[in-house]
Amino acid sequence: MMRYKCLIGFVIVFIGLGVQAQDYQGKAIYQSKTQVNFDFGNRNIPEDRKKDMMERIKKANEKTFILNFNQTASIYKEEEKLEQPGERGGGRGPRFGGMAGTDGDLYKNIKDQRYLIKNELLGKIFLIVDELETLEWKMGSESKTIGNYTAFKATATKTIKRPNMSAIFRRPGREDENKDEEKKEEEFTVKEVEIVAWYTPEIPINQGPGLYWGLPGLILAINDDITTIVCSEITMNPSDKIEIKAPSKGKKVTQAEYDEISQEKMKEMRENFRNRGGRGGGRPN
């Protein structure tokens with residue numbers, strides 16, 4: 001009889017936890033930093049200007065993102081920041097996001113196994129609609145504390161395609177004159193990298209920053225070969241219900257179609273830059 005009562009109690013607790021898990025919703029704030037090694041090539045640029053450009057590129061690739069989530073869906077977007085007085089162009093520099101198609105409002109639906117990204121590319125709005133990639137996560141036993149949560153390590157291998165910004169702004173030399181055919185794929189680089197994630201089972205949802213998901217707990221930190229994203233603040237079950245709505249505006253394309261469009265745009269940017277004689281910022285080199 002006692003065993004029967006214990007079993008009933010366990011079932012009630014389990015059901016209660018299940019209901020509570022279904023009601024999970026919250027907001028996580030992430031700090032993202034991307035290292036950019038910019039090759040100035042054979043451009044004759046003063047060292048102080050190179051340093052200024054690198055500082056602007058670095059600042060442009062340090063961002064704050066907000067992830068609003070529930071048990072099945074999430075919306076991930078960059079926090080809007082006001083331009084500071086005295087900043088030239090708002091501190092913007094070459095960024096990986098827009099060309100890579102991951103810098104806009106990102107909606108992930110775990111149940112439907114799909115994602116949508118509203119992204120602006122050189123003044124035109126696109127809506128990328130595609131299936132979520134399933135990574136083969138390898139679960140580790142290593143753990144550490146992130147904020148108030150215990151996080152566990154997981155790793156996976158992922159093929160990443162990124163725009164090669166140096167290819168756009170490289171000033172042509174004699175060695176480039178007859179190499180157009182060899183440079184067709186230069187606008188993007190494709191490589192396999194190890195992804196290292198830290199997730200917490202204390203928040204049992206299958207979500208994370210960017211396009212990352214698939215672990216038995218919210219991903220609090222993740223990094224690849226150049227980008228590190230770390231959660232700095234979490235608000236669970238706020239009194240005001242969080243609305244998670246998929247973006248709907250923009251020209252619908254798949255990720256592959258968007259990649260092809262952005263590659264063509266990068267070719268145009270490179271040709272326009274080279275036709276201007278490799279000038280940057282309106283000043284001759």
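The values are calculated or read from the model by the stated rules, or taken from the named source; none is laboratory data. All of these numbers come straight from a predicted model, not from anything done at the bench. Methodologically, a virtual Cβ is constructed for each residue, glycine included, from the backbone with ideal geometry; neighbour enumeration extends over all protein chains shown. We work out accessible area using only protein heavy atoms, side chains counted, and drop any ligands, DNA or RNA first. Shrake-Rupley method; radii C 1.70, N 1.55, O 1.52, S 1.80 Å.
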Please give the length that would be gained between Glu192 and Ile226 if that part of the chain were fully extended, namely 0.36 nm times their separation in residues minus their C-alpha to C-alpha distance (nm, one decimal). 11.0 nm
Packing-based ranking, highest mean first, of 234-242, 153-161, 221-229 given that Cβ atoms within 10 Å are counted: 221-229, 153-161, 234-242
Surface accessible to a 1.4 Å probe, Phe126 within the full protein complex, Å²: 10 Å²
Using a 1.4 angstrom probe with every protein chain in place, what is the largest-first accessible-area order of Asp112, Asp52? Asp112, Asp52
Just the number, please: carbon plus sulfur as a percent of the accessible area of region 101-154, 1.4 Å probe, no ligands or DNA/RNA counted. 42 percent
